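Quick notes on the structure that follows.
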Amino acid sequence: MQADVALEIAGRRFGSRLIVGTGKYRSNEAMEQAIAASGAEMVTVAVRRIDLDRTHEEGILHHLDPGRIFLLPNTAGCYTAEDAVRYARLGRAAGLSDWVKLEVIGDQRTLLPDVFATLAAAQQLVGEGFKVLAYTNEDVVTALRLEDAGCSAVMPLASPIGSGLGLVNPYFVREIKTRLHCPVIVDAGVGTASDACETMEQGVDGILMNTAIAEATDPVRMAQAMRLAVAAGREAYLAGRMPRREVAVPSSPLAGMLA
Amino acid sequence: MPLAGRDGAWPHGARRGEEQAMIEVTVNGDVRELEAGLSVTQLLESLGLQPRLVVVERNREILDRARYDGTPVEAGDSFELVHFVGGG
């Protein structure tokens with residue numbers, strides 16, 4: 001049995017196929033423990049104004065060591081390509097890397113991406129030398145366009161951000177993985193371990209999740225469950241599942257039955 | 001209350017002095033009065049911030065960290081001081 005290859009994005013290798021967010025935790029301590037339990041080597045962070053009236057300890061760099069875990073700044077909360085480019089540049093100016101998780105939202109209720117603005121921002125940022133990991137919907141054509149634009153990874157959703165609805169469109173996610181050459185990371189919508197496992201069974205390269213872990217009753221335990229589920233789903237994909245049949249097939253021999 | 005922020009608190013390191021010329025700048029959306037002649041590094045220190053953990057956007061342009069020392073804070077400047085927080 002051959003060992004799996006590592007996840008590789010833009011020439012950088014990661015030992016885990018699970019990427020986790022750092023938002024919505026009840027405490028920084030819970031976040032740190034959950035990240036450790038998840039086994040993730042890359043985490044997303046947001047760029048925000050410093051609240052000058054409050055303690056400055058809220059900055060994530062007080063709690064995460066960028067020498068030990070790779071920080072991926074996002075453009076979450078941006079509704080235009082221009083804003084997303086601005087946030088991406090601010091994230092890069094922190095001096096850690098030129099990577100960005102590009103997210104341009106088009107609708108407040110569903111938080112579905114504005115794919116036109118996402119593509120425009122991706123083209124701009126790739127031109128500026130960014131390594132762009134683009135959040136998108138499960139539309140195959142958009143995914144192809146984002147790859148053409150030079151994105152380092154394309155990240156279709158499983159279902160809306162923070163919904164926990166699981167993988168609503170396995171067929172199109174599988175098609176995106178089949179058609180693209182760059183890594184495909186499913187980002188958003190996973191709710192529990194079975195969702196993560198099912199998603200990885202489609203053959204995608206990894207999963208990015210936040211709420212499923214942060215809002216679990218026991219985030220550290222759920223982080224561990226997700227680590228196992230992602231690994232199990234990956235192994236099952238590599239193993240190749242049996243065909244689905246509409247009729248039963250006995251597991252014990254028909255021959256040798258008593259007269 | 002020439003040096004007070006919007007909550008009335010005096011920034012760390014700021015000195016009260018009637019003789020100091022004062023300027024108005026906007027920091028993260030709030031207008032603040034500061035003594036004239038500060039560098040960006042001094043502005044950050046007066047707010048209790050570690051320059052290495054802060055990204056500075058000055059008048060919509062990102063300011064390279066190597067230039068914090070040599071860049072003066074001028075009347076009417078608008079600063080966005082940002083950092084990384086938890087996010088998905």
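The values are calculated or read from the model by the stated rules, or taken from the named source; none is laboratory data. Computed from a predicted model, the values in this text were never measured in an experiment. Backbone-built Cβ (ideal geometry, glycine too); neighbour counts: all protein chains shown. Accessible surface is based on the protein model in full, side chains and every heavy atom, while ligands, DNA and RNA are left aside. Shrake-Rupley method; radii C 1.70, N 1.55, O 1.52, S 1.80 Å.
The selection criterion, being closer than 25 Å to A:ALA117 by Cβ, among the hydroxyl-bearing types (Ser, Thr, Tyr) and surrounded by 24 or more Cβ atoms within 10 Å (Cβ to Cβ), holds for A:THR136. Please specify each residue of region A:194-239 satisfying the condition of being open to solvent by less than 50 Å² (accessible area, probe 1.4 Å) and of a type in the set (Asp, Glu). Residues satisfying the conditions are A:ASP195, A:ASP205. Inspection of region B:61-78 finds a residue satisfying the criterion of being β-branched (Val, Ile, Thr), at pLDDT 95 or above and more than 12 Å from the chain's Cα centre (by Cα). Within region B:78-88, being open to solvent by less than 10 Å² (accessible area, probe 1.4 Å) and more than 8 Å from chain A (Cβ to nearest Cβ) holds for one residue alone: B:PHE79.
Would you check which residues across region B:34-45 are within 14 Å of chain A (Cβ to nearest Cβ) and either open to solvent by 20 Å² or more (accessible area, probe 1.4 Å) or assigned to a loop (DSSP other than H, G, I, E, B) (or both) and list them? Even if it seems obvious, please write down each step before you answer.
First, the residues of region B:34-45 that are within 14 Å of chain A (Cβ to nearest Cβ): B:34, B:40, B:43-45.
Selection gives B:GLU45 alone.
If you scan region A:141-164, which residues turn out to be closer than 18 Å to A:LEU18 by Cα and in contact with a Ser or Thr (Cβ under 8 Å, 6 or more places away or on another chain)? Lay out the reasoning, then the answer.
Step one: filter region A:141-164 for residues closer than 18 Å to A:LEU18 by Cα, giving A:152-159, A:161-162, A:164.
Hits for region A:141-164 are A:VAL154, A:MET155, A:PRO156, A:LEU157, A:ALA158, A:ILE161, A:GLY162, A:GLY164.
From the list A:ALA76, A:ALA46, A:ALA40, exactly one residue is part of a loop (DSSP other than H, G, I, E, B), at negative phi, at the interface with chain B (Cβ under 8 Å from one of its Cβ atoms) and touching a residue at least 12 places away in the same chain (Cβ under 8 Å). Which is it? Reasoning before the result, please.
Values: A:ALA46 fails: part of a loop (DSSP other than H, G, I, E, B); A:ALA40 fails: at the interface with chain B (Cβ under 8 Å from one of its Cβ atoms).
Of A:ALA76, A:ALA46, A:ALA40, the one residue that is part of a loop (DSSP other than H, G, I, E, B), at negative phi, at the interface with chain B (Cβ under 8 Å from one of its Cβ atoms) and touching a residue at least 12 places away in the same chain (Cβ under 8 Å) is A:ALA76.
Looking only at region A:52-73, residues that are among the acidic types (Asp, Glu) and more than 8 Å from every other protein chain (Cβ to nearest Cβ) come to 2 in all.
Which of the residues spanning region B:46-77 are more than 10 Å from chain A (Cβ to nearest Cβ) and assigned to a strand (DSSP E or B)? Once the filter is applied, which keeps residues that are more than 10 Å from chain A (Cβ to nearest Cβ) and assigned to a strand (DSSP E or B), region B:46-77 yields B:ARG58, B:PRO72.
Can you name the residue in region A:148-162 that is touching a residue at least 40 places away in the same chain (Cβ under 8 Å) and of a type in the set (Gly, Ala, Ser) and is also farthest from A:LEU208 (Cα to Cα) among such residues? Checking each candidate, the answer is A:SER152. Considering (1) touching a Pro at 6+ places or on another chain (Cβ under 6 Å); (2) within 25 Å of B:ALA66 (Cα to Cα); (3) open to solvent by 10 Å² or more (accessible area, probe 1.4 Å), the lone condition that A:ASP65 does not fulfil carries the number (1).
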